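Working notes, structure below.
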Amino acid sequence: MRNSKLYIRIYIAIIISMCSFTHGESIARIIKLEGLVYIKRLGIQTFAETAKIGSSINNGDAIKVGEYGFAAVIFLDDRSVVKIKSSSQFEFMDTKNTRSLNVEFGTILNKIEKENRNKTFRVVSPVSVASVKGTEFSAMIDPSGVDQFVGKEGLFDVFNSVSGQTVSVGPGQKALSSSSGSLMQAPAMPSDYPTDPELEDVIQGSQEQSKKSGPNQSIIESQKFETPSKNGTLKQKDTIESEIQPSETNNNDLKNQNLNDESNSDAKQDVPKKPFGLGLGIGSATIDGTLYNQLALRPEINIAGVGIGLDLVVYMDNEGNVRQDEWDLKNDPDQLYDKILYVRYGEKTSPAWIKYGSIENMTLGQGGLMQGYSNMMEFPSVRRVGINTGFNIGPFGGELFLSNIKDFSRGGTIMGLRAQYKVSDSLPITIGLNYVSDANMFSSLKDKDSDSFPDIFDDFPTDSSLWNDTDGDGWPDPGHGMGVPDSLIDIDADGDNILDNLDDEITLKAKPFSINENKASVSAWSLDVSYPVLSGDMLSLTIYTELNSLSFPEVVTIDNNADTVFYRPKRSGTGLTIPGLRSTLFGLLNISIEYRSIMGSYVPQFFDQAYDLNRVVSISQGTETTVKTKDMSIFSEYDDSWSSDGLFGSANMNLFNLINFNASYASMKADTIEYNSFNSVLTLNTDNIPKLSNATAFYRRNNDKNPFDFNNPSENTVMGYRVGYEMSKGVSLIWEYSEFYRDDGTGKLEPVRQTKVETAFSF
């Protein structure tokens, strides 16, 4: 306890000391904008900051302009101007000798000054590189892989990174560069140069004034011309000194608050999607311990804000036999759901959004109940169909989550709800209320034939009319219903070589454990409050608190012979996080630390990424098989009078957009009991690594005494990786591996390994 307080004091002291640092020097500022314009700071994963006139642009930042937007950026050292048209996105990257705009898509107009320049200016796309020292030209980068560069003044070179060809472009000329490797220079028509959406005299006035008054004054003066109002029209401003301050929005806080400006109503239109994409996968996959050859067709459609992804896959064994489990539509029409990978409309920043299908990295509130949940952990052997929807209206926001709608027929599913309210822009306190429930934890038990008897209890898991075979000879016991002819019934069901009708002491299996007749539920709620203390490019700090509660009702299951086969006592518990601190340092490192106090049967992040894997586990001893829910495994050593205190910390680091590392560690102690958790993900930015299209590795182990005991894994251990090798443009070899552990029925853990190798084609 004393050490915990010491750690918190040290952390606060570090944060306070950081407040004395000044912001790093910006390389550019926004001097003009209209419509939807957003900034993604270095080290932040999303475009969470709304751009303003005067917003600073730092090295490594990215900018995104919506469908009806426009922005103009001026570099502070040489006064060069870049004008960004609608539906554009790129990243600013400065080195000692070069200045690069790494363009994902869109159209930009560049006026690069020759005077006072000491760096080569480059426009870089996935296909091409345009290099200049001083000129005026445009760049149009199409996601389809065709780039067009048009010269207006001066000379510049265009390099095709696929073929290695280079051409020079002068005034009145253009270069066409494609992902196929072709590069050609041709005369440009007047209509080839994009129209300038801004009045030239605005920028010219800014540049002329800068020579007289210096960089800051030039920006101030440029704002006296025109600034956009909320409705997009232009209006005069008497003074705009407040407008030119850098936009210092707390990006971490924006993840959990509503973006409620009128301009955000069209946020779903910000990132243009390819209207149609097609992926082809050829490789292998392990399903239920069997290796299959895989042929997958994965089309994606994006039209008018609606996105649809399909997963049309065929599995064949080594003899060429097609696995029918995925295509038995006649007997199981619900398999059509499995062909839909996702259907979505809008984004989480939109006034309303919805997604159907795959759900990944689901977190509610501050994450005390649910953090990082995924319904894809057993894909493709188990295909779950979830729903995530919500709204943002003014200061109010709401969200609904369902993990698997297929579970409704099995007694229920995991459901999450969140409602939040932001007090005001001047007092940005966000209050959130969360509720999570699992209506029937037993619903995760596999039941291939859908007869309500899980496969672990069902001697005939593929036949819904049969379930018991006492002697294991492949013939069913009597008592399976009128639908089973007498000729199929075992006449010596106990296998003692005495016909059942002549046997006085026959003992047969009782009716198996049924999901329809038994339910084990869990419900949880939480209340969280957050406040951004500091909001800056170099330093941000948010303080929050969260109160969580878990409740597990008593469950008693009795079989036909009146023997108790399942018992779970009533449990409940609460957890308090106070305080919680979240900070961003230098735009590179995100840190959070919490002091946690726990009473009774509560564990943080009970609904975590691996929840579907350990939601319920089976244990076999001899001829008897029982099940344990997750809470029974975690809280088996203590009751609701137990309490503990400890620290939780997490860190996310983005190293120069090359490596992203995310890790968290929790240590909870009470007398002689200790529970620790460790989660980590390492991702490489393969854009900067030739021939590597994907590289990710993860390791997670929660609520164990020693999560770093790699030689002795537990049921809470999940690990894996994904590596992609680009063999040629649009063709990658993908290797996926995941591993988790389950009881083999004897109390011994056995690894469950899933391997998938495929050749992916992108069209």
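The values are calculated or read from the model by the stated rules, or taken from the named source; none is laboratory data. These numbers were taken from a predicted model, which means no experiment stands behind them. Because the Cβ atoms are built from the backbone with ideal geometry, glycine has one as well, and the counts that use them run over all protein chains shown.
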Fill in: Residues (small (Gly, Ala, Ser) and either in contact (Cβ under 8 Å) with a residue 24 or more places away in the chain or surrounded by 14 or more Cβ atoms within 10 Å (Cβ to Cβ) (or both)) located in region 306-353
GLY307, GLY309, GLY346, SER350, ALA352
Worksheet entry | In region 583-608, the residues that are more than 14 Å from TYR675 (Cα to Cα) and buried (at least 22 other Cβ atoms within 10 Å of the Cβ) | SER583, THR584, GLY587, GLU594, PHE607, ASP608
Worksheet item: With GLY69, GLY60 as the choices, which residue is among the small types (Gly, Ala, Ser), crowded, with 22+ Cβ neighbours inside 10 Å and under 17 Å from ILE39 (Cβ atoms)?
Response: GLY69
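Per-residue answers, yes or no, for (1) buried (at least 16 other Cβ atoms within 10 Å of the Cβ); (2) assigned to a loop (DSSP other than H, G, I, E, B); (3) of a type in the set (Val, Ile, Thr):
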site	(1), (2), (3)
PHE453	yes, yes, no
ILE456	yes, yes, yes
ASP463	no, yes, no
GLY479	no, yes, no
SER514	yes, yes, no
LYS519	yes, yes, no
Item to complete: For residues that are within 25 Å of the chain's Cα centre (by Cα) and not polar (S, T, N, Q), scanning just region 551-586, find the one that is modelled with the lowest pLDDT.
Response: PHE586
Worksheet, complete the sentence: Those residues of region 91-108 which are over 12 Å from MET140 (Cβ atoms) and assigned to a strand (DSSP E or B) amount to GLU91, PHE92, MET93, ASP94, THR98, ARG99, SER100, LEU101, ASN102, GLU104
Worksheet item: Mind checking whether some residue in region 475-489 is acidic (Asp, Glu), over 30 Å from SER409 (Cβ atoms) and modelled with pLDDT of 80 or more?
Response: no
Practice prompt. Evaluate region 37-47: report whether one residue or more is more than 18 Å from LEU109 (Cβ to Cβ), basic (Lys, Arg) and in a strand (DSSP E or B).
Written response: yes
Response to the item:
For region 374-398, pairs from a residue that is on the phi > 0 side of the Ramachandran plot and assigned to a loop (DSSP other than H, G, I, E, B) to a residue that is surrounded by 19 or more Cβ atoms within 10 Å (Cβ to Cβ) and at pLDDT below 90, with Cβ under 9 Å and 6 or more apart or across chains, are GLY394/ASN258
